[in-house]
1. Return the inverse of the average 1/r over all pairs of distinct C-alpha atoms in region 67-201, which is the Kirkwood hydrodynamic radius, in Å to one decimal.
2. Once the Cβ-Cβ distance between Lys90 and Ala333 is put in as r, and R0 is 22 Å, what FRET efficiency do you end up with, to the nearest 0.05?
3. Starting from the Cα-Cα distance between Thr187 and Gln277, subtract it from 0.36 nm times their residue separation and give me the gain in nm to one decimal.
4. Note down the nm distance, to one decimal, between modelled labels 7 Å out along Cα→Cβ at Arg227 and at Lys157.
5. If the cut-off is 17 Å between C-alpha atoms, which aspartates and glutamates fall inside it for Lys90, apart from same-chain ones fewer than 8 positions away?
6. Where a ≥ b ≥ c are the square roots of the eigenvalues of the C-alpha gyration tensor, would you call region 110-176 rounded, which needs a/c under 1.5, or, failing that, prolate if a/b is larger than b/c, or oblate?
7. Across 10 Å bins from the origin, how do the percents of Cα pairs in region 216-364 run, short distances first?
8. Viscosity 0.692 mPa s, temperature 37 °C: what is the translational diffusion coefficient of region 275-317 from Stokes-Einstein with a Kirkwood Rh over Cα pairs, rounded to a whole number of µm²/s?
Amino acid sequence: MLRRRFKHNLSKPYPLYLPPPGLERADRVRLFYTGRLTLEFWRCQSPPLITKAILALRAGAHWVMETKAYWAAENFVDECLRELELKGAKVLWQNERLIYASHAPQSLAWANNTWLTPKKISITSISDGARQLRELGGRWTLASVAHHRRAQLIQEKLPRFKEHEVEFLAPLPKVRAGSWALIDADTILASPECTSPFPNGEIHFKEDSAPPSRAYLKLWEFFTLCRQYPKTGDTCLDLGASPGGWTWVLAKQLGTNVLSVDKAPLESRVARLPNVQSIKRDAFSLQPNDIEPIDWLFSDVICDPNRLYELVQLWLKSERVKNFVCTLKFKGATDFTAIEKFAAIQGSKLQHLSVNKHELTWWKVSPAK
Ligand SMILES: C[S@@+](CC[C@H](N)C(=O)[O-])C[C@H]1O[C@@H](n2cnc3c(N)ncnc32)[C@H](O)[C@@H]1O
């Protein structure tokens, strides 16, 4: 009965874009009253909470169903769609790299940026679009997926801000831009809040020509975004280290002591660094007891992710490693079963970095003290 009354109250005007699904269809519902969050609850809540919701609605609250939009990593739209399907989300709309979904998770491993508070806005002209965006927030990044020229003209009417090339370990931008797209000629999808501090989740570094491979950018991006990285004097094991981009970052830039392991040799100028010891060896044959306990284990080895999972389990169980950062590399179809196995490791995370190819970075890092 309560549910029926609740549904009845949903016939009040609601400001958003979605049809009013029944409570049983809405995973997560938020009630707003005079713009402020009044209640947030999940389906199958207790009757007292539903009663509270009804009272809030009677007092003039309106409901908003949780939606998110995702900016898929370049060439990985299908991976995002599959990830959403596996997480029980419902795709409401998709064009090129932009996916808009309900019942949606906070972030996706295969997306560069999640739009946390997407809103649909009807516009009557280019000037009206720019005005409404200006009213909603200060800075905006365009994610152009349709009506590119019209979208660009709106963007040109918004406050400009310079995108600087980022230095390794530079502080994250304090002022963040919202993201928006023109999804049809008269409708904007805009989110003032996004997960990435960088426009469309892409970080552009002031690059360095010294390291022997561009793989160093994976560690630069990871350390710069996560703000957790080895300290001078820490011990690091770098598996699949050749030609030496990661070892170069760890030894030369961060001043750690690195044991580099690869079947191929390190470039000699990296191997000659005083705080680098390199061994030519199969990374899978190295046992935790072969070396002293280490602060960080890194792996960029080209191998099947299931094989990497076994390696990670071996080192995890040994309790001789404090932190892990590994690249899962996929050949052909993306192995979602392997991804789920990694995702299930407690305290760990997976993310496609903007510099990653058909790869995900997986990490398990102890919180900074
Ligand atoms: C993408 S590269 C690593 C690049 C490196 N991280 C850098 O920054 O220069 C992958 C490396 O994995 C190594 N590799 C593949 N299988 C291996 C194995 N079983 N044991 C050790 N190294 C392996 C390859 O020799 C190759 O050097």
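1. Details: mean 1/r = 0.0661 Å⁻¹.
Evaluated over region 67-201, this radius sits at 15.1 Å.
2. Working: r = 24 Å, r/R0 = 1.08.
With R0 = 22 Å, the Cβ-Cβ based efficiency is 0.40.
3. Numbers: separation 90, 0.36 × 90 = 32.40 nm, distance 5.81 nm.
That pair, Thr187 and Gln277, stretches by 26.6 nm at full extension.
4. 3.7
5. Glu24, Asp27, Glu66, Asp78, Glu79
6. Details: a/c = 1.94, a/b = 1.73, b/c = 1.12.
Because a/c hits 1.5 or more and a/b exceeds b/c, region 110-176 counts as prolate.
7. The calculated distribution, bin by bin, is 11, 45, 38, 6, 0.
8. Working: Rh = 11.6 Å.
Diffusion coefficient, whole number: 282 µm²/s.
Taken together, the values in this text are just the output of simple stated rules run on the coordinates, not laboratory data. Computed from a prediction, not measured in an experiment: that's the story for all the values here. Quick reminder, even Gly has a Cβ in these numbers, built from the backbone with ideal geometry, and neighbours come from all protein chains shown.
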